[in-house]
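Report on one structure; see the data block that follows.
The values are calculated or read from the model by the stated rules, or taken from the named source; none is laboratory data. Predicted, not measured: the structure shown is a model, and the values here were computed from it. Please note: Cβ atoms are built from the backbone with ideal geometry, for glycine as well, and neighbour counts cover all protein chains shown.
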Amino acid sequence: MTSEQSSKSSSRNGSNHLLKRVWYSTSVPVFAVLLALLIGAIILLVSGADPLQAYAALIKGSFGNTEALSRTLQKTTPLIFSGLAVAFAFKAGLFNIGAQGQLLFGAIVAAVLGFGIHGLPAVLHASLALLGGAFAGALFGAIPGALKTYTGAHEVITTIMLNYIAINITDYLADGPWKDMTPGNIVARTPKILDTARIPSVAGLPLGFLIALIFSVVTWWLLRKTTIGFEIRTVGLNPNAAKYAGIKVAKTIILTMVLSGLLAGIGGAIETQGVVGRYQPGFNTGLGFDGITIALLGKTNPIGVIPAALIVGAMKAGSSQMQFSAGVAKEITDVIQALILFFVAADMIVRWLLRIRAAEEEKVTLSTGWGQQ
């Protein structure tokens, strides 16, 4: 074999290997969505609705025009950040269910900085509120990281408990010290943020969505191209081996939870600054929990989180249109989303149907175990 033939053979083998990796990475999420839509169609038929009409209305409500697309991207933006938060923790073998609480603190701190500070230029004011939300989320994320490191408390339990703490504290603040005291207002909410603190849209494209895309790329780069990312992934694969190799496992766990909380906090801040315009309890419900679905659907890949969040965001944005045009209950989209999560989590079902094996590098470690450090 000549050197030219050898080079072509190597190139062909490399291309085949790349195609196999792409197939392993995308097959389960794609077919999980398709299976969920198929079962959703059966549920729609049983409920007396026309699946084709319902799904057409869903697509129209999420991508039918510029306004619908803008609404979809607005819905998608905090979902990208919550998905990134959960996926980032997964890489260290941590299951961060506390993205909801971290997101709430990011949202309310951004609101306070948004209405409480006056006289700043728009760029500076918006950036300050965004950084404040990020810091609040990071601080709240550090708590379960420290508890796991120094007491052995499992992050699943502590983050669930901290979610309730975050919900009650933010509810109190929005109905107490930081309540909108405008005459006639009886709703628990903060005052509107100033225009200088808002994150605007340009030609129908929310700038918050562009920020989310940038953070997705930065998160991927951090995990794949830096020493910190290597240490995080090593701890996720085997904390004992990482400790033997000289990696400070305790420090890495805390840092991972801090950065995970930071991502969730930014998502909450952008929801306040770019969508709601204030903090109001109930407006952010479920965004953090949706991050679990998105992280799994995106195979815990920061880039894969983007299309996963877009799917969920489109369902949220188009559900109203589906309800009005096809007479379908809005909760059907929640059922479809739950089915997607089921098929992604129980990927053996999809792999059995597709007759494909799981690639070792695609397996997700949800946790390092109870009390393990």
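Laid out as a table, the results:
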| item | result |
| --- | --- |
| Single residue of region 189-217 satisfying the filter (in a loop (DSSP other than H, G, I, E, B) and over 26 Å from the mean Cα position of the chain (by Cα)) that is farthest from residue 282 (Cα to Cα) | 194 |
| Only listed residue being modelled with pLDDT under 95, surrounded by 24 or more Cβ atoms within 10 Å (Cβ to Cβ), in a helix (DSSP H, G or I) and more than 17 Å from the chain's Cα centre (by Cα), chosen from 69, 58 | 58 |
| Residue 258 among the aliphatic types (A, V, I, L, M), in a helix (DSSP H, G or I) and surrounded by fewer than 24 Cβ atoms within 10 Å (Cβ to Cβ) | yes |
| Hey, residue 280 within 23 Å of residue 188 (Cβ to Cβ) and either of a type in the set (S, T, N, Q) or free of Cβ contacts under 8 Å to residues at least 40 places away in the same chain (or both) or not | yes |
| Region 226-272: number of residues that are of a type in the set (S, T, N, Q), within 19 Å of the chain's Cα centre (by Cα) and more than 11 Å from residue 89 (Cα to Cα) | 1 |
| Scope region 170-183; condition part of a helix (DSSP H, G or I) and either more than 29 Å from residue 198 (Cα to Cα) or touching a Pro at 6+ places or on another chain (Cβ under 6 Å) (or both); matching residues | 171, 174 |
| Residue match in region 240-250 (condition: in contact (Cβ under 8 Å) with a residue 60 or more places away in the chain, in contact with a Ser or Thr (Cβ under 7 Å, 6 or more places away or on another chain) and under 18 Å from residue 134 (Cβ atoms)) | no |
| Test result for residue 130, part of a helix (DSSP H, G or I), among the hydrophobic types (A, V, I, L, M, F, W, C), modelled with pLDDT of 95 or more and farther than 18 Å from residue 104 by Cα | no |
| Lone qualifier among 167, 186, 157, 143 - being surrounded by fewer than 16 Cβ atoms within 10 Å (Cβ to Cβ), in a helix (DSSP H, G or I) and among the hydrophobic types (A, V, I, L, M, F, W, C) | 157 |
| Leading residue by the ranking (surrounded by the fewest Cβ atoms within 10 Å (Cβ to Cβ)) among those in region 230-239 that are without any contact (Cβ under 8 Å) to a residue 60 or more places away in the chain and part of a helix (DSSP H, G or I) | 230 |
| Within region 262-373, helices (runs of 4 or more DSSP H) holding 3 or more residues that are modelled with pLDDT of 80 or more | 287-297, 305-326, 331-345 |
| Lone qualifier among 222, 287 - being in contact with a helix residue (DSSP H, G or I) (Cβ under 7 Å, 6 or more places away or on another chain) and within 22 Å of residue 143 (Cα to Cα) | 287 |
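Matching residues to (1) surrounded by 11 or more Cβ atoms within 10 Å (Cβ to Cβ); (2) over 24 Å from the mean Cα position of the chain (by Cα); (3) modelled with pLDDT under 60; (4) in a helix (DSSP H, G or I):
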site	(1), (2), (3), (4)
13	no, yes, yes, yes
27	yes, no, no, yes
31	yes, no, no, yes
45	yes, yes, no, yes
49	yes, yes, no, no
